[in-house]
Amino acid sequence: MAEKHSDRHVRNQIEGANRARGEALETVHHPFIARMKGYLINGQYEELRAQYLECVRMLNGLERTLERSLPPDHRRWPAHDQRSQSPIPEPDPRTLAPDPRTLNPES
C-alpha cells in the first residue's frame with residue numbers, strides 16, 4: 001500500500017488497497033495454521049482473526065472512497081444512490097476466513 005499511496009492516479013491507489021486486502025486475507029491463514037498445530041489457543045486465534053478482518057473492512061472502505069473520486073462511468077461499484085435501487089449484499093465475514101474443519105468429516 002505504501003508504494004501506491006503517493007501515486008497520482010486513483011486507479012493505482014485502488015489497486016494498492018485491493019492488493020493489501022488480498023494480503024491481509026492471505027495472512028489470516030497463518031494464525032489459523034498455528035492454531036491447528038497447537039501454537040495458539042482458540043482465544044488468541046479469534047482475536048487475531050478479528051483484527052485482520054477489521055483491516056479488511058477498512059481497506060474495503062478505502063477502496064469505496066477512492067472509487068467515489070472517479071467519474072461515475074469509470075467506477076466498478078455503483079454510486080450510493082444506485083445502490084438503493086439494486087442492493088449489493090455485503091460479504092459474510094464467516095466466508096472470508098473459514099473455521100477449521102476436520103480432515104475427514106465422516107470421522
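In table form, for the structure just shown:
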quantity: From the options A17, A97, residue that is aliphatic (A, V, I, L, M), surrounded by 10 or more Cβ atoms within 10 Å (Cβ to Cβ) and modelled with pLDDT under 60; calculated: A97
quantity: Selected residue (criterion: nearest to M58 (Cα to Cα)) from residues of region 25-44 that are in a helix (DSSP H, G or I) and in contact (Cβ under 8 Å) with a residue 40 or more places away in the chain; calculated: L25
quantity: Tally, over region 34-73, of residues that are under 19 Å from the mean Cα position of the chain (by Cα) and not polar (S, T, N, Q); calculated: 21
quantity: Sole exception among (1) farther than 25 Å from N12 by Cβ; (2) modelled with pLDDT under 90 for A50, by number; calculated: (2)
quantity: Subset of region 12-24 [basic (K, R) and either free of Cβ contacts under 8 Å to residues at least 40 places away in the same chain or outside any helix (DSSP H, G or I) (or both)]; calculated: R19
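The values are calculated or read from the model by the stated rules, or taken from the named source; none is laboratory data. For clarity, every value in this text was computed on a predicted model and none was experimentally measured. Heads up, the Cβs are rebuilt from the backbone with ideal geometry, glycines too, and the neighbour counts pull from every protein chain shown.
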